[in-house]
Each structure stands twice: as C-alpha cells, then as structure tokens.
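Following: one structure in structure tokens, then a few remarks.
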Amino acid sequence: MAHKWGMVVDLDRCTGCEACVVACHAENNIPTAGEDQAARGRAKHWIRVERYWEGDFPNPRIRFQPVLCQQCDEAPCEPVCPTYASYHSPEGLNSQIYNRCIGTRFCANACPYNVRFFNYYNPTWDMPLQLQLNPDVSVRSVGIMEKCTFCVQRIKSAEIQAEAEKRELKDGEFTTACAQSCASRALVFGDLNDPNSEVSRLSSSNRGTKLLGELGTKPNVTYLERGTWEDATHG
C-alpha cells in the first residue's frame, strides 16, 4: 500500500509552548536569525505558533494554532516553479529539490500559508552550536527556498529499516520532530492511507477542518477545532 503522509493538529491540546518550533530548528538545521535579520522579516521557522485573542478585558482568552507546510495535494507553489524544484512526491509530500532551486521566490508568492522561506544569507552558528547539526539533513545555502518536509529524513530512514527487515511500517513507529516534542500530543503524524492509523482516525473527526480549505489546495494537515474533552481524546 502506498503511503500518504499527513498530520492532525488538535487545537484543544496546543498550549503554545513552541517546543515544536525548537525541535524543528534542531532537527532540520535551521539557523536562528539575529535581531537585524529578524527586523527585516528574514527570520525562518518551518513551523510557527500563531496566537488569537478572544473576548474582552478583563477576561480575554488566547488560543494557539501551529502553522506549517500543509503538504497540499493541489499545491499552488508547484506549478509556478520554473525549474521544477518544487514537486509532489508519490507519498503526498510537497517536496523541494534544493540544487534545482534558483531562488525566484515564485513559490513563496503563490503559497497562501506563508510557510516558504528564502535564504538571504549563508547560515552560520555560534560556537559550539555547529556541533549539534543533524548529519542526515543538508545545510541549505544562500539564494534558495526551503520549507517543512515532514522530516523526510526520518520517513526514509524508517522505510529503509522496514524494507531491510521485510515488513510493513507500523503506525507510530516514527514521527516528526515537532510531533515528538509536543508534550500535550497536540500534533499527530502518520499515514493517511492506513485506515487503522491514529492520524487517519483523527482526520475523519467531525471537528476536523482544513486551513484555508476553501482555496481548493487540498491540504494534508487537519485541524481539530475546539470540542469536548472526550472528542479530543486520542485513544
């Protein structure tokens, strides 16, 4: 059975701690922009946590929404790329081939989620932070676009291991860095083509919604809107 990777984000469970953001930076060799670069809008976060305030003073409430690449089936970023650096993989990932990218930024302009980032500079890390770089992930150079990959290096590693052991991948056998770091288990990753997987079950919840789904992009990330605690239980 072909895989189709997807994610579910339970907005009832997200506490806004941003552990997912830190884990994504560490796993995918994303440099931290300095104050000057951030002021120019050049900060990079493959996943961000947006905040929304509800109610009026003195009893306001805040809700959090993690936003990452939605891995759209009808991704507007793909057809605009003149070098085919952005393409849709057979496993449902909106992939980026870095050595094809020439930095036109057409894909970033086409993306309605603002989750594609341009490298304005060669990445650097202060000593001794360069020692923590992940050897399984390339360090992207200046002048190219980058984005969330659903930790494709973890996907491929698990697939290779399963193939070597002549077995199928098991649900929950591996996950993305953001989902692994989430203390409240607001993020669930898995195979949408597996009807028995947790992510497949949660994505069919009556609380499920797609971010900007009215645009017809067919995202593979499902958000669970607020409901009862029983509805939010993951099993």
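Could you work out which residue, out of ILE160, ILE97, ILE144, moves most in a Gaussian network model of the chain, that is, has the largest mean-square fluctuation with Cα springs under 10 Å?
ILE160
Lys and Arg at +1, Asp and Glu at -1: add these up for the other residues within a Cβ distance under 13 Å of ASP194 and post the number.
-3
Explain nothing, just compute: Karplus ³J(HN,Hα) = 6.51 cos²θ - 1.76 cosθ + 1.60, θ = phi - 60°, for every residue of segment 7-21 in order, whole Hz, x for Gly and Pro.
The phi angles translate into 9, 10, 10, 8, 5, 5, 9, 5, 9, x, 6, 6, 4, 5, 5 Hz.
Which percent of the accessible area of the chain is formed by carbon and sulfur heavy atoms (probe 1.4 angstrom)?
Carbon-and-sulfur percentage of accessible area, whole number: 52.
Net charge within 13 Å of THR175 by Cβ-Cβ distance, Lys/Arg positive one each and Asp/Glu negative one each, not counting THR175 itself?
Charge balance near THR175 sits at -2.
With every protein chain kept in place and ligands, DNA and RNA left out, what is the accessible area per residue of the chain? Probe 1.4 Å, answer in Å².
53
Kirkwood Rh and Cα-based Rg: tell me the resulting Rg over Rh for segment 19-99, rounded to two decimals.
1.08
Would you please name the trypsin sites (Lys or Arg not before Pro) within segment 133-175 that are DSSP coil residues with at most 16 other C-beta atoms within 10 Å of their C-beta?
Here the trypsin sites (Lys or Arg not before Pro) that fit, given the DSSP loop and packing criteria, are LYS166, ARG167, LYS170.
Starting from segment 190-230, pick out the trypsin sites (Lys or Arg not before Pro) whose DSSP state is loop and whose Cβ has at most 16 other Cβ atoms within 10 Å.
The qualifying sites are ARG226.
Sum up the charges of everything whose Cβ sits under 14 Å from the Cβ of ALA162, counting Lys and Arg as +1 and Asp and Glu as -1, but leave ALA162 out.
Local charge sum for ALA162: -4.
Using alpha-carbon positions, what is the distance between the centroids of segment 125-196 and segment 30-98, in Å?
With segment 125-196 and segment 30-98 each reduced to a Cα centre, they are spaced 17 Å.
Lysine pairs, Cα distance under 16 Å, 8 or more residues apart or cross-chain: how many in segment 5-224?
Lysine pair count for segment 5-224: 4.
The values are calculated or read from the model by the stated rules, or taken from the named source; none is laboratory data. None of the values given here were measured: they were computed from a predicted structure. Glycine gets a Cβ as well: all are built from the backbone with ideal geometry, and neighbour counts include every protein chain shown. Note: areas computed on protein heavy atoms with side chains; ligands, DNA, RNA excluded. Shrake-Rupley method; radii C 1.70, N 1.55, O 1.52, S 1.80 Å.
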